[in-house]
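Computed from the coordinates by the stated procedures, all read-outs in this text should not be read as laboratory data. These numbers come from a predicted model, not from an experiment. As a convention, Cβ positions derive from the backbone with ideal geometry for all residues, glycine included, and neighbour counts pool all protein chains shown.
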Amino acid sequence: MRTIAMLLFCLFILSSCQLNSIQSQTEKLENSNEKQIFFFSDEENLHKEGNYYDALLELKKTFPVEIGKMKVISTDDSQMNSKFNIKEYPSILIVYENKVVKKIQGNITTSEIIIPIEDTLSKINVN
């Protein structure tokens, strides 16, 4: 039952995110001063991403536009993974004005994900 719930949850999160080609993501990143959120996911170890999904659902209540525009990057996307030096999965990056302003990686609690992302997005939204 828990596996089914996790899969449904993954589908919910992934359906609200946009998947673009590697080239268009890189071009947009290089030509944009917007804030962008990237979620680096390892499809073979989805069971390790539960806290991230919980955090993203909670963050979507406060930041629906930002989370709705989040890009999901798989382990297969070597260009994006190397560009951001991603060594640990799952990971979330917030990029603003072409700079990584927040990087969260690995096995951490939901609150350890939510608090720094909320702080970072709130500061960016004030500017």
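Details
- Shown for V72, V100, V65, V126: other C-beta atoms within 10 Å of each C-beta, ranked fewest to most, produce the order V126, V65, V100, V72.
- Only one residue of I124, M70, I114 has its Cα farthest out toward the positive end of the dipole of the stretch 58-127, where Lys and Arg carry +1 and Asp and Glu -1 on Cβ, and that residue is I124.
- Distance between the pseudo-spin-label points of Q79 and H47 (7 Å out from Cα toward the beta carbon): 3.4 nm.
- Reachable aspartates and glutamates from K123, criterion Cα separation under 14 angstrom, eight or more residues apart if same chain: E34, E66, E97
- Counted by neighbouring Cβ atoms within 10 Å, the residues K123, K83 run from fewest to most as K123, K83.
- Here each label is just a point 7 Å from Cα along the line to Cβ, and for K87 and T110 those points are 3.0 nm apart.
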